[in-house]
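Note sheet for the following structure.
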Amino acid sequence: MSKYNKILVIGGGAAGFFAAINIRKNFPDFEVTILEQSNEVLSKVSISGGGRCNVTHACWEPKELVKFYPRGSKELLGPFHHFACGDTFAWFEGEGIPLKIEDDGRCFPESNSSQSVVHCFLSLAEKLNIKIIYSQKMRELIAPNTLSTQWQIVTNNAIHTADKIVLASGSSKSVWSILDKLGLNIIPPVPSLFTFNIKEKAMNDMMGISVSEAKISIPTAKLENRGSLLITHWGISGPAVLRLSSFGARWMHEQNYHFEIFIDWLPKASEDEIFKSIKFSGAKSVLTPQLGFPGRLWKYFVQKCKIPENLNCADLNKQQLQNLVQTLKKDPYQVNGKSTFKEEFVTAGGVDLKEIDFKNFSSKKYPTLFLAGEVLNIDAVTGGFNFQAAWTGGYLIARGVGED
Ligand SMILES: Cc1cc2nc3c(=O)[nH]c(=O)nc-3n(C[C@H](O)[C@H](O)[C@H](O)COP(=O)(O)OP(=O)(O)OC[C@H]3O[C@@H](n4cnc5c(N)ncnc54)[C@H](O)[C@@H]3O)c2cc1C
């Protein structure tokens, strides 16, 4: 048994609980305590995935899985070979929480309730004698030094000591500033996973309409993404938008969320194919919906091109046809701000990944300090990938923490 067996986990969230539980499973002699700043633990797990908790994603190949992480893809490749989505499945099933896979690959508890995960973690914590101390906000972290071989954690009303620390405080500016003082490099936090605000009344009136596949591009930033797109009363949302916001999080922040985008409403068809399809659609009225678009949206395109609504397709001149094709393939919009995607949002930024030894998620500067979850500069698109990063980090810490 290691003689350094007093472990303090800072933060009672996804990463903290997963690390704490697995540490006690691997090392029953270790004393594990979770310090939580609020009077509630696992609050994000509770509200996650619209209350259903999108635990992971049905993506079984580490090489494929890392592609969903705008930040952390290179560093997570190794860890995912030790603990990835399939292992998450097995772990939860082993604890009596069977998971199900939805058509888009997202995985949820079969119960459809995040409370299954919360109850599972809380009852395991109790069974494994993990102490949880509430209302303990870490205010200062003092590394082992010549006066003490242990870490000292100063909270609002106590001083705790530990041989090893697991820092799982999520996106917390105050914790990042504590770590900055300890000499760890922090990448400034910016929001990720948001929807785009577009003030264009005619488009806003289309709210509720979705397109199963559109491509959004931002040529100036060399960014593009495709997937389903939802028109909302404030702009656009849907997987294509959220993924773009994730990959472009930092650039969009630099633009103060004001930039131009282009929507390709039919990414699978070429301009020529669309041109011919409309031209040869016969005597149909120009307002008759075509190319699979809902009637309201098609009318919006026609009106946007200022085409007289009484025309038939066969009567359209070349310029009118080209305008319509151009609107369908490269439709420009000005984004003016962002909105929070209420089902899931994360922060890009955190502890610089160069600071971390990804064999066990320890700090290279302080080998007895371990970090997992959103405290690190790792984040992913929506779909269960953010939790997966938290589980993987927690799991590898629970192995590495036993090494002297
Ligand atoms: C609304 C919403 C829905 C989401 N849904 C999903 C989803 O379905 N699937 C998915 O993969 N991801 C989802 N996410 C993202 C996911 O919740 C996070 O990536 C994940 O919770 C990160 O885990 P964590 O342990 O790092 O941080 P957290 O879960 O945020 O936990 C950190 C804990 O540390 C505590 N803490 C912070 N500072 C201190 C301090 N100084 N002292 C003591 N304690 C402290 C906090 O109170 C908190 O309890 C969602 C996020 C949101 C906001």
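None of the figures in this text is laboratory data; all of them are computed from the coordinates on show. A quick note: this is a predicted structure, and the numbers were derived from the prediction, not measured. Cβ atoms come from the backbone with ideal geometry, glycine included; neighbour counts cover every protein chain shown.
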* **Average projected area [Cα convex hull, region 273-404], square nanometres** => 12.5
* Build a GNM of the chain with springs between Cα atoms under 10 Å: which of L311, L297, L179 gets the top mean-square fluctuation? -> L311
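Taking 0.36 nm per residue of separation and subtracting the Cα-Cα distance, what length does fully extending T340 through E61 add? Present the calculation step by step, with values, prior to reporting the outcome.
Details: separation 279, 0.36 × 279 = 100.44 nm, distance 3.04 nm.
Full-extension gain reported as 97.4 nm.
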* Structure fact -> When W151, W60, W91 are ranked with the fewest other C-beta atoms within 10 Å first, the list becomes W60, W91, W151
* Asked: With Cβ to Cβ distances under 15 Å as the rule, what net charge do the other residues near R139 carry (K, R +1; D, E -1)?
  -> 0
* To do: Please sort by residue number the trypsin sites (Lys or Arg not before Pro) in region 250-294 whose DSSP state is loop and whose Cβ has at most 11 other Cβ atoms within 10 Å.
  => K268
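Mind listing which trypsin sites (Lys or Arg not before Pro) in region 1-82 are in a DSSP loop and have 11 or fewer other Cβ atoms within 10 Å?
Details: sites: K3, K6, R24, K25, K44, R52, K63, K67, R71, K74; in loops: K3, R52.
Passing both the DSSP loop test and the Cβ count: K3.
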* To do: Identify the GluC sites (Glu not before Pro) of region 242-347 meeting these criteria: DSSP loop state and at most 14 other C-beta atoms within 10 Å of the C-beta.
  => E309
* Could you give the dipole magnitude of the chain about its Cα centre, charging the beta-carbon of Lys and Arg +1 and that of Asp and Glu -1, in debye to the nearest 20? -> 720
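Can you give the FRET efficiency for N156 and N185, using 1/(1 + (r/R0)^6), R0 = 35 Å, r = Cβ-Cβ distance, to the nearest 0.05?
Working: r = 27 Å, r/R0 = 0.77.
Computed FRET efficiency for N156 and N185 comes out at 0.80.
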* Structure fact -> Karplus ³J(HN,Hα) for region 236-253 (6.51 cos²θ - 1.76 cosθ + 1.60, θ = phi - 60°; Hz, whole; x = Gly/Pro) runs 9, 9, x, x, 5, 6, 5, 5, 4, 5, 6, 5, x, 3, 6, 4, 5, 4
* Structure fact -> Taking a crude spin-label model, label points 7 Å out from Cα along the C-beta direction, the T288 to K131 distance in nm is 7.7
* Asked: Using only helices, what value at 222 nm comes out for the chain when you add -39,500 (n - 2.57) per DSSP H run of length 4 or more and divide by the total residues, to the nearest 500 deg cm²/dmol?
  -> -9500 deg cm²/dmol
* With an 8 Å cut-off on Cα pairs and a minimum separation of 6 or more residues, tell me the relative contact order of region 194-340 in percent. => 31
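When N counts the residues of region 194-340, how does its alpha-carbon radius of gyration compare numerically with 2.2 N^0.38 Å, as a ratio? It would help to have the intermediate numbers written out before the result.
Details: Rg = 15.6 Å, N = 147, 2.2 N^0.38 = 14.7 Å.
Taking the Cα Rg and dividing by 2.2 N^0.38 Å, one obtains 1.06.
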* Asked: Taking only the alpha-carbon atoms of the chain, what semi-axes of the equivalent ellipsoid follow from 5 times the gyration tensor eigenvalues under a square root, in whole Å, largest first?
  -> 50, 21, 17
* D (Stokes-Einstein, µm²/s), Kirkwood Cα radius, region 1-111, 1.567 mPa s at 4 °C -> 82
* **the chain, relative contact order [Cα under 8 Å, separation at least 6], %** => 24
* Where the centroid of each part is defined by its Cα atoms, how far is region 9-57 from region 258-309 in Å? -> 50
* Structure fact -> Placing each pseudo-label 7 Å from Cα in the direction of the beta carbon, N310 and N26 end up separated by a distance in nanometres of 7.7
